[in-house]
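S.K.: First the structure, then my questions, so here it is.
Read-outs: derived from the displayed coordinates by stated rules, not from any lab. These numbers were taken from a predicted model, which means no experiment stands behind them. Note that we place each Cβ from the backbone using ideal geometry, even for glycine, and neighbour counts take in every protein chain shown.
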Amino acid sequence: MYLYTSIFPGTFNIIAGPEPKVKHKQKNILLVFWMPIGYNSSMALYIDVKYLGFVSSALPLFKRKSDNLWNFRCPFCKDSEKKASKARGYIYARSQELFFRCHNCQYGTTFYKFLAKVDPTLHKEYMQEKFLDSKGESTKKEVPVIPQFKAPVFGLRPKIKLDKISDLDSQHWARKYMQGRMIPVDKLHMFYFAPDFKRFVEDMGSEKHKDLKPDDPRIVIPFYDEDHTLIAFQGRALVDNKIRYITIRMNSYSGPLIYGLDRVNKDSPVYVVEGPIDSIFLPNCIAVAGSDLNRVSAMFKNPVMVFDNEPRNKDICKIMALSLSKGHRVVIWPDDMKEKDINDIVGSGKDACSIMMDNIHSGLTAQAKFAFWRKA
């Protein structure tokens, strides 16, 4: 037995039968499809979102990032004891269900199990409603109470209307800054100069400009997807500033922020680093704009994880250990190397690419070298 659904403008009709039989009184049928009886994916997602709204008051810094993405402080690792503003727990929709993932402790699970841990009492009500839904009985129709935030409005194909670093005068201070960081001349066109980053963000249509300070000059680093569509941009401070990087996500994009998707060849080994500037010194390299390199591992056939050289950083060590446990190839830097990242290595006059290639390890060898490196 199957359920056959016909969708008309403004209606959703269900017809049961052994074969597709659609009795329609309207001529403008938009879509007809079938699914196993007892399965209602849209209602399953509705229930998940409703109960996320109920439990949201118990999740610090809870906010809705996009239609199917919510962010808050992780209730399991507490995110950060030092910074109360850190929020790296996420609920996201996939295959008509909600899932939880923390980008700090790396814990991930279904919304079903997440709710059971966070609010066992509410979870019992959730289970009952899920059961009623599976039997085809009507469920409550309360509208989920989830905080709504006005989203930035961007064009479909937004473009950056700033001077490229390559077009600036050779004595311009922003160009000299980039050349001081050893950025190759043939790569300067990949970066832009914003004399007033706040105004630039406003011109791009983002309301986040309200939270920014005026007269803040920054290097603008654009993030593009595989179709060369702008998905985000990052502002790198040029003067002393507590906030070195400011990342603005385009409203139409809710996926992971990855720098270099427009250039990478997924069929070849892909080198994964933390910072966008580091990525331009390595072949076929992408950057995740953070330390959690593992979050993109499933996207590539043969990733090589290139973490920063920070053996004293507990977060990086934890993520590296997880990467090794998954069997990934990881760069374990020489224990006598003082430079922190790829850009530092290049700045010291060394061949960063060669050093990296000589220190790629996996398996037991990598585990042994990692144990020694983290104690260096």
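S.K.: Which Cα, out of W333, C353, W373, lies furthest along the positive dipole direction of the range 265-376 (beta carbon charges, K/R +1, D/E -1)?
M.R.: Of the listed residues, the answer is W373.
S.K.: Something else about it: Just round it to a whole percent: the fraction of Cα-Cα distances in the range 163-249 exceeding 18 Å.
M.R.: 42 percent
S.K.: Now, a different point. Sort H172, H228, H123 so that the residue with the fewest other Cβ atoms within 10 Å of its own Cβ comes first and the one with the most comes last.
M.R.: Fewest to most other Cβ atoms nearby, the residues stand as H228, H172, H123.
S.K.: Of the listed pairs K83/K213; K63/K187; K63/K113; K176/K198, which have alpha-carbon separations greater than 30 Å here?
M.R.: K63/K187, as the Cα separations exceed 30 Å there.
S.K.: On a straight-distance basis, which aspartates and glutamates could pair with K130 in a cross-link, Cα separation under 17 angstrom, same-chain partners fewer than 8 positions away excluded?
M.R.: By straight Cα distance, K130 reaches D48, E97, D119, E142.
S.K.: Using θ = phi - 60° and the Karplus form 6.51 cos²θ - 1.76 cosθ + 1.60, what ³J(HN,Hα) does each residue of the range 118-124 get, whole Hz, x for Gly and Pro?
M.R.: 7, 8, x, 5, 5, 5, 5
S.K.: Continuing with this model, one more query. Amide H of C74: which non-local residues (sequence gap of 5 or more, or other chain) have their own amide H closer than 5 Å, using H built in the peptide plane?
M.R.: Hits under the 5 Å cutoff: D79, R88, G89.
S.K.: Here is a further query. Between E226 and M337, what length in nm is gained on full extension when 0.36 nm per residue of separation is reduced by their alpha carbon distance?
M.R.: Between E226 and M337, full extension yields an extra 36.5 nm.
S.K.: Leaving out same-chain residues fewer than 8 places away, which aspartates and glutamates sit with a Cα under 14 Å from that of K375?
M.R.: E310, D335, D336
S.K.: May I ask you to sort W373, W70 by Cβ crowding, counting other Cβ atoms within 10 Å and putting the fewest first?
M.R.: Sorted ascending by nearby Cβ count, the order is W373, W70.
S.K.: Quick one: P(r) of the range 270-373 from all Cα-Cα pairs, 10 Å bins, percents rounded to integers, in order of increasing distance.
M.R.: 16, 55, 28, 1
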